[in-house]
Amino acid sequence: MKVGIVGASGYSGEVLVKLLLGHPRVTLAAVTSRTHAGKPLAAVIPAVRGADRGLTFSDSDPAALAAGDLDLFFLALPHGAAATYAKALVAGGKRVIDLSADFRIADLATYQKYYGEHHAPALLPSARFVLPELTSSAWKQEAKLVAAPGCYPTSILVPLVPLLKAGVITRDHIVVNSYSGVSGAGKKAEETYLFCERAESIKAYGLVKHRHLAEVEEQLALHTGARTVIQFNPHLAPMRRGIATTITAPAAAGASIESLYAAWRGAYAGRPFVQLLASGETPDTAHTVDTNRVDMSAVHDPRTGNFVITAAEDNLMKGASGQAVQIMNLWCGFEETAGLA
């Protein structure tokens, strides 16, 4: 199967390039970038020298891509820009996996509240938000356009959804503190992201109304059948890659650490990209970088009556490109771990 990447020169695009060049079931046949059009792939991403198949960046014209012979496209573009390409590609009969936020939020009013104008609202009803470990498999037959989850939301939804569904935790006063590597901000030349500004420094940002909050709360409601409000506190950490998330959630009456782990095991048995660590063994971003895993664990605090849950992932893998490839594998009938193990 031939696949292409629109916006292949950003951080998530680069990771997609590397994964797809080594994928046993697909051929990476097109990489686009308006900035680098005409340049050899290996000149822009030197890490793939010798494995680049002679690919050259092309200009990303939506109509031309839709008229070509590729079967599936990944959109590694900023929100807003992705919707324009999705319209043309879906109309051209292509499968589309979007890594931006354009189709992660089903409710148009909520999208507009957090992101502004939507450039393809007619596609929202047919788009499917897919977090492979949580989304019902019916999406594989229904979808034409798939929204891959965000990095923060993945690290929050994977731990929380089974616990809320099982009644192990209550919905009141859930507090989430998350820490992201600088690559989560994308490739942008801003003073805030200079090495001297970020080294030896950590700070909170986007408090009260971070954009990913809309995605998290909508998905919690859809998966658990009730509105769930969380306090989300994102932080920028002095590392290149990784997400570390700590969740404090009140234990339900009668819940124990054993019942929490039983809910997790019931939800994720046999799922290759969720690893449960023993209670008291906290996950480390150093162990999830370059993997498509979410590692997570929990402890019970009898003094406060809370569970304290910790999760770690690579924001460019399970939080973006690796998860997008995992979605492609499931959508196209490949082994789920193909190109990712």
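Quick grid of which residues meet (1) surrounded by 22 or more Cβ atoms within 10 Å (Cβ to Cβ); (2) farther than 21 Å from A101 by Cβ; (3) aromatic (F, W, Y):
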{"position": "K140", "(1), (2), (3)": "no, yes, no"}
{"position": "A147", "(1), (2), (3)": "yes, no, no"}
{"position": "K165", "(1), (2), (3)": "no, yes, no"}
{"position": "G184", "(1), (2), (3)": "yes, no, no"}
{"position": "K188", "(1), (2), (3)": "no, no, no"}
{"position": "Y205", "(1), (2), (3)": "no, no, yes"}
Q. Of the numbered conditions (1) hydroxyl-bearing (S, T, Y); (2) surrounded by fewer than 15 Cβ atoms within 10 Å (Cβ to Cβ); (3) part of a loop (DSSP other than H, G, I, E, B), T135 satisfies every one except a single condition; which is it?
A. (2)
Q) Here is a list of conditions, (1) among the β-branched types (V, I, T); (2) over 20 Å from I169 (Cα atoms); (3) surrounded by fewer than 17 Cβ atoms within 10 Å (Cβ to Cβ), and V289 meets all of them except one; can you say which number that is? A) (3)
Q: Kindly check whether there is at least one residue in region 11-32 that is in the same structural domain as V90 (by TED's automatic domain parsing), of a type outside the set (D, E), at pLDDT below 95 and in a loop (DSSP other than H, G, I, E, B).
A: no
Q: Output the number of the condition that M317 fails; it satisfies all remaining conditions of (1) closer than 30 Å to P78 by Cα; (2) part of a helix (DSSP H, G or I); (3) not acidic (D, E).
A: (2)
Q.
What pairs come out if I take residues in region 58-71 that are closer than 17 Å to R95 by Cβ and pair them with residues that are assigned to a loop (DSSP other than H, G, I, E, B) whose C-beta lies under 6 Å away, six or more apart or interchain?
A. A66/G92; D71/M1
Q: Evaluate region 259-270: report whether one residue or more is in a helix (DSSP H, G or I), crowded, with 21+ Cβ neighbours inside 10 Å and touching a strand residue (DSSP E or B) at 6+ places or on another chain (Cβ under 6 Å).
A: yes
(Q) Quick check on this structure: which one of A91, A29, A64, A86 is surrounded by fewer than 20 Cβ atoms within 10 Å (Cβ to Cβ), touching a strand residue (DSSP E or B) at 6+ places or on another chain (Cβ under 6 Å), more than 21 Å from K187 (Cα to Cα) and among the hydrophobic types (A, V, I, L, M, F, W, C)? (A) A29
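The values are calculated or read from the model by the stated rules, or taken from the named source; none is laboratory data. What you see is a predicted model, and the numbers here were worked out from it, not measured in a lab. Because the Cβ atoms are built from the backbone with ideal geometry, glycine has one as well, and the counts that use them run over all protein chains shown.
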